[in-house]
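The values are calculated or read from the model by the stated rules, or taken from the named source; none is laboratory data. Since this is a predicted model, take the numbers as computed values, not measurements. Ideal geometry is used to build each Cβ from the backbone, glycine not excepted, and the neighbour counts take in all protein chains shown. Side chains included, ligands, DNA and RNA excluded: accessible areas come from the protein's heavy atoms. Shrake-Rupley method; radii C 1.70, N 1.55, O 1.52, S 1.80 Å.
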Amino acid sequence: MKKPFYRLVHAEGDGFPGFVLDRFGGTVVAQITTAGMENLLVPLKMALEDVLAPEVIILRNDAPVA
């Protein structure tokens, strides 16, 4: 797996409650845990594609708090 690996968005700490975003090389993993962020899924995905152009976007929407 190629670098870089880092957390792009850390929910409330970055002003995005209920949204965590990690980058693992060409893969971006997004976790959404609030209904508000779920409503913004399409624009968030479009922004990720425009800014990062990842090979893969994985949505982890399996948290029990959602």
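Brief remarks on what is shown
- Candidates Pro43, Pro54, Pro17: whichever shows maximal mean-square fluctuation once the chain is modelled as a Gaussian network with Cα springs under 10 Å: Pro43
- Loop-located GluC sites (Glu not before Pro) in the chain (DSSP state other than H, G, I, E, B) with a sparse environment of at most 10 neighbouring Cβ atoms within 10 Å: Glu55.
- Size of the chain: Rg and Dmax of its alpha carbons, in Å, are 11.5, 33.
- Ligands, DNA and RNA are left out, and with a 1.4 angstrom probe the accessible area of the chain is 66 Å² per residue.
- Theoretical FRET efficiency, 1/(1+(r/R0)^6), r = Cβ-Cβ of Lys3 and Met46, R0 25 Å, to 0.05: 0.50
- Fraction of antiparallel bridges per DSSP, the chain only, in percent to nearest 5: 70 percent
- The portion of the accessible surface of the chain made up by carbon and sulfur, rounded to a whole percent, is 60 (1.4 Å probe; DNA, RNA and ligands excluded).
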